[in-house]
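The values are calculated or read from the model by the stated rules, or taken from the named source; none is laboratory data. Treat the numbers as computed from the prediction; the structure is a model and nothing was measured. Please note: Cβ atoms are built from the backbone with ideal geometry, for glycine as well, and neighbour counts cover all protein chains shown. What goes into the accessible areas is simple: the full protein's heavy atoms, side chains included, and nothing from ligands, DNA or RNA. Shrake-Rupley method; radii C 1.70, N 1.55, O 1.52, S 1.80 Å.
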Amino acid sequence: MGRGKLEKFAVNATRANVVEPGKENFEKLKGRWNSDFFLKDQPLILEVGCGKGEYTVGMAQRYPEKNYLGIDIKGNRIWKGSSLAIEAGLYNVGFLRIFLENLDQHFGEQEVDEIWITFPDPQPRKRDIKRRLTSPRFLAMYERILKPGGKLHLKTDSDLLFEYSLEVLQERNASNLLHTFDLYQSDLQEHTMGIYTTFEKKYLDLGVPIKYLQYTVS
C-alpha cells in the first residue's frame, strides 16, 4: 500500500464525518443515524458506491434540509469525499466505509428515505450478475431499509446494466417506475440536479448517453 493511501487512512481515523471499522460508533448507529450522528433529524439519503463523493456532497450542498451518507469500501475515496464536505463547511453529510453487501447491518428497517446508485460497476460477466447493485438480493436489502414511499435512483452509462435493471424491476412490479435511456434529452432532467460525478463528466464528454431510472417502495 502506498504512503499516500496510508496517510489518508490515518486522516479518516480522526474525522467525525467518517464512520469506519475501528471507530467506537461503527456498529452503533443502526436505526440511530439522525439522533446520534447528524445534527438535525432530517430525511436520510444514501449514495451507495459513492466513489469520491462528488454526488453525495453536491446533493448535501443543494438540499441542506436533508442528511446524506456516501457509502464505499475504498478508504482513499472516502477521504476525498470527506475532504470535500469539510471544505464546503457541510454538517449534513457523512461517509460510511463498508462492503455494500453489509448495508442492512448498519441501517434499521424503514430508516432511509432515498437511495442513489451512481455509475456502479456493471459487472458484465454472467458469473458476477449477483454482484450487480440492482440484482434482486440488493434490491431486497434496499427495500428493507427504505421507508414506504421511499425512492431508489440509478444513473449509469452501461446499456447492459440499465437493461438488466429494468428487466428485474419490471419482474418485481416496481411501483411508479420511471426511466430514460438518455437523461439529458428527456423530460426527467430535473433529476440531474446539476451535479456530475467524475464518471458522468467523462461519459458526457465522449457523447455517451446517461441512463436513469427511479421507482418507489410501496
Original post:
So GLN42 clears everything in (1) in contact with a strand residue (DSSP E or B) (Cβ under 9 Å, 6 or more places away or on another chain); (2) surrounded by fewer than 18 Cβ atoms within 10 Å (Cβ to Cβ); (3) without any contact (Cβ under 8 Å) to a residue 40 or more places away in the chain except one condition, right? Which one?
Top reply: (3)
Original post:
Can you name the number of the only condition in (1) over 20 Å from the mean Cα position of the chain (by Cα); (2) farther than 17 Å from GLU54 by Cβ that ASP205 fails?
Top reply: (2)
**OP:** Scan region 15-30 for residues that are under 18 Å from the mean Cα position of the chain (by Cα) and either open to solvent by 50 Å² or more (accessible area, probe 1.4 Å) or among the basic types (Lys, Arg) (or both) and report the count.
**Re:** 1
**OP:** Being part of a loop (DSSP other than H, G, I, E, B) and farther than 15 Å from ASN102 by Cα is the filter; apply it to region 51-75 and report the residue that is least open to solvent (accessible area, probe 1.4 Å).
**Re:** GLY53
Original post:
Within the bounds of region 2-14, is there any residue that is part of a loop (DSSP other than H, G, I, E, B), modelled with pLDDT under 95 and surrounded by fewer than 22 Cβ atoms within 10 Å (Cβ to Cβ)?
Top reply: yes
Subject >> Within region 47-93, tally of residues that are in contact (Cβ under 8 Å) with a residue 12 or more places away in the chain, acidic (Asp, Glu) and farther than 19 Å from TYR142 by Cα >> reply: 2
Subject >> Cβ pairs under 6 Å, 6+ apart, first in region 115-132 and closer than 23 Å to ARG144 by Cα and part of a helix (DSSP H, G or I), second open to solvent by 10 Å² or more (accessible area, probe 1.4 Å) and at pLDDT 95 or above >> reply: ARG131/GLN123
